[in-house]
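All of the numbers you see were taken from the coordinates with simple rules; none came from a lab. Treat the numbers as computed from the prediction; the structure is a model and nothing was measured. Ideal geometry is used to build each Cβ from the backbone, glycine not excepted, and the neighbour counts take in all protein chains shown.
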Amino acid sequence: MTINSKLFVINKLDYGTLYAHYDQVYSFIKNHLMLEKRKRVAVKLNLLGPLRPEQAATTHPAVVGLIVEILCSFNCEVMLCEDINSIDVIRETGLLPVLERFGLQFYNLRDYGYKDIEVNGVTYQYSELIYTCDVLIQIPKFKTHMLTNYTGAIKNMFGCIKKQQRKETHRLLDENDFANALCSIYSIRIPDMVIMDSIVAMEGMGPSNGSPKHLGNLVLGADGVFVDYYCTKMTGFEVPKLKTLQYAIKRGFSSFKSEAELISYCNQNADNVVELYRIPVYEGRERDIYLSVLRRLYRIDYERCIQCGTCKEVCPFSAIEMEDGTPKININICKLCICCMEFCPVGAIRMDVKSK
Ligand code: SF4
Ligand code: SF4
């Protein structure tokens, strides 16, 4: 289904039937990207941690396989990439068979250097590989997020800055500052194409503790902000309250210059809204109460923990101490920035809740 020249949505999909749509996806990619032999195409995935595909937290390998096959048919140099903490991530997320099938290597962003880029007076240490590629395709997983409400194309570029700087950015407790930082990072290298994996999305306590929700959609767009807008609107989010998305529109990172323009395309498809269970957008005092409740549910799974100390190292607020090799979170200091959850190499830090 073509929404406009910049957005193409295939619906009623599951991962097993994806290949039946090869020709449609091929045509959209061919028409929007000038792909020629030997072009260096970076494909930025969303690999949050060593989580299995059925947990719906990471880009599904079936989507990656389809896109890689199409790119290989153009004889491009395909660089599947993400910033990951351990090789376990490649194995658990099901990516290994895709790499083997196409004879590709995986590019861990942290191994390929960083470049200083200034945006609005802030210098970001930004992935050299992403910055210098000829074409950038992003394949995020569409998920709810317990702090930023949703995660999609804009948020997925956060992984392009250096680990240490992500830790510092997590210190920005003001939601507006954090949303603006995400937008600045997104603006450094705006993807040439975003392919949102919302075939099975995550609802509830995302980005890693929610529940899978079958939406059946693969959303392809040359405008990542539009892709995020469409996905959030079509899953019942209160879009005007999504700070990251609003700042991205305001700062002109979309080819649409106003929200009204974006809405009109979504309204044409209003019959297809499938609501995701999500945390309300809390602000002010309500948000403080919400965070204090969440903090009490934040847990380390000691059966999984390998006592590596990464969580202590990355905590921007020194809220974690190692006691006899075991990490302990001091909830009186913890600001719930979820930096430790993001960096734990074995996914041992979790929110002790059921989404529904
Ligand atoms: S919780 Fe995770 S990051 Fe922290 S010590 Fe254990 S394994 Fe390492
Ligand atoms: S312990 Fe709390 S403040 Fe420290 S990284 Fe984890 S969530 Fe953030």
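For the chain, the mean residue ellipticity at 222 nm estimated from helices alone is -9000 deg cm²/dmol, where every DSSP H run of n ≥ 4 contributes -39500 (n - 2.57) and the total is divided by all residues, rounded to the nearest 500. Here's the list of aspartates and glutamates a cross-link from residue 233 could span, going by alpha-carbon distance under 19 Å and ignoring same-chain residues fewer than 8 apart: 197, 203, 223, 259, 261, 271, 275. In this structure, the residue pairs whose Cα-Cα separation is over 23 Å, taken from 44/257; 6/30; 30/143, are 44/257; 30/143.
About its Cα centre, the dipole of region 284-351 is roughly 280 debye, where the only charges are +1 on Lys and Arg Cβ and -1 on Asp and Glu Cβ.
In a reduced charge model with +1 at each Lys and Arg Cβ and -1 at each Asp and Glu Cβ, region 2-272 shows a dipole moment near 220 debye about its Cα centre. How far, in degrees from 0 to 90, does helix 175-188 lean away from the longest principal axis of the Cα atoms of the chain, to the nearest 10? So the inclination is approximately 40 degrees. Each of 31, 18, 41 was placed along the dipole of region 1-55 (beta-carbon charges, centred on the mean Cα), and the one lying farthest toward the positive end is 41. For the chain, what relative contact order do you get, as a whole percent, if you take Cα pairs closer than 8 Å and at least 6 residues apart? Here the relative contact order equals 18 percent. Taking 74, 226, 142 in turn, the Gaussian network model of the chain (Cα-Cα springs below 10 Å) assigns the largest fluctuation to 74.
Put in order of Cβ neighbour count within 10 Å, fewest first, the listed residues 143, 167, 37 become 37, 167, 143. Seen from residue 342, the other residues with C-beta closer than 11 Å to its C-beta sum to a net charge of +2, counting Lys and Arg as +1 and Asp and Glu as -1. Normalising the average separation of contacting C-alpha pairs (under 8 angstrom, six or more residues apart) by the number of residues puts the relative contact order of region 284-351 at 39 percent.
Note on 178, 102: ascending count of other Cβ atoms within 10 Å places them as 102, 178, the fewest first. Taking the chain as a Gaussian network of alpha-carbon nodes connected by springs under 10 Å, the highest mean-square fluctuation of the residues 88, 116, 174 belongs to 174.
Look at 340, 334, 72 and count the other Cβ atoms within 10 Å of each Cβ; fewest to most, that gives 72, 334, 340. Between 322, 234, 196, the GNM of the chain built on Cα springs shorter than 10 angstrom shows 322 fluctuating the most.
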